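The values are calculated or read from the model by the stated rules, or taken from the named source; none is laboratory data. Note that the structure is a prediction, hence the values are computed from the model and not measured. Here the Cβ positions follow ideal geometry from the backbone for every residue, glycine too, while neighbour counts run over all protein chains shown.
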Amino acid sequence: MNIDQSIAIMKSLADKSRLAIINSLLERSQYVEEIAKRHALAASTVSFHLKKLEQAGLVSSRKEQYYVVFTANDKVFDTTLRELVSIPPAGKEFQDVRMEEYRRKVQESFFRYGRLEKLPAQHKKRLIVLEQFARRFEPKRRYSEQEVTELITPLFDDYCTIRRLLVDDGLIFREGSVYWREANACEESGDKTLPMQKGRGSKKMSKETDRAAIKRIYKQNSPEMGIYQIRNTSNGKIYVGSSQNLEGTRNSRLFQLRMGKIVFSRELQNDLSQYGADCFEFSVIDVLNKLEPGDNVERFLLVLELYWLDKLQPFGVRGYNSEKGFQRAIGQFQNWRELLDKVDSK
């Protein structure tokens, strides 16, 4: 059963008269006039309600001589409430993609090169951030208070606040001075943005060693960043965009194309509805070299994106990007051509 059928069934049952009619039909098949007499309703009213129930698939009709007889569809009424409200796999997958995209954006906003810059004020975002700390705890293993501090400080200096919040939100548990984590959903999400802590916890590092470790972790674990395009193979039009995680963006964009729902370009959405997902392809056209901790990722990506927009001109009949948006960006970033040399040298 798809989601539209479920909604139609629930809407059709949201009426007292229809519920009474359904109860009668569950006893035995009846014709319109018989139902009208039984429930003191006009025949036209009963016909109206039966039409709604039939459209929802709850009843079916057949003609017998001069009468139309209605029967309840037992197969539909054998459907459980759980089945009725369950989200089909495609819808759930779409929700999962959107949630993963939201989590990624939160992490990018509050973490820089493996360290937390500040705690989010919003509880939902704070939980996503705290999960990064919780993943550093091996499930079921007991930690001393000192070991907990050593797990937290490589990511954030205020270990007391993080430790308290982890316990308050149930991400780790405490008994006296012993801490541990149960295996839970935060481990199953598969997000490996920040590394898991192994062994008995890291030793205290000097500031120089700490910076070197952060730099090494960033270079080893940071996803590929760069410029991608979505191309309509039917008419050759393209959309050019930038991403701090090309593989994640690729999966997200291809899924959106398959689902037939694009929110970042009205023109692309129109062509997607006309041509179908099979007529679109995703490709990476440039990869940003690994940056150093402290480099302005957003600025370098913007420079690279402006270069490709200027080169490919994916506007109007040539593509799906906004020329006005491009011109605004140029106006706000006049020295982008000078910075392009710095991007190339990275």
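Quick notes
- Qualifying residue in the stretch 66-83 (condition: modelled with pLDDT of 90 or more, buried (at least 18 other Cβ atoms within 10 Å of the Cβ) and not assigned by TED's automatic domain parsing to the domain that holds residue 36): no
- Yes/no for residue 327 being farther than 25 Å from residue 109 by Cβ, modelled with pLDDT under 90 and outside any helix (DSSP H, G or I): no
- Matching option when the condition is within 20 Å of residue 106 (Cα to Cα) and either modelled with pLDDT under 90 or surrounded by fewer than 16 Cβ atoms within 10 Å (Cβ to Cβ) (or both), among 154, 139: 154
- Only one of the listed residues (53, 41) is assigned by TED's automatic domain parsing to the domain that holds residue 7, within 12 Å of residue 18 (Cα to Cα) and not in a helix (DSSP H, G or I). That residue is 41.
- Failed item, numbered, when residue 118 is tested on (1) within 22 Å of the chain's Cα centre (by Cα); (2) modelled with pLDDT under 90; (3) not in a helix (DSSP H, G or I): (1)
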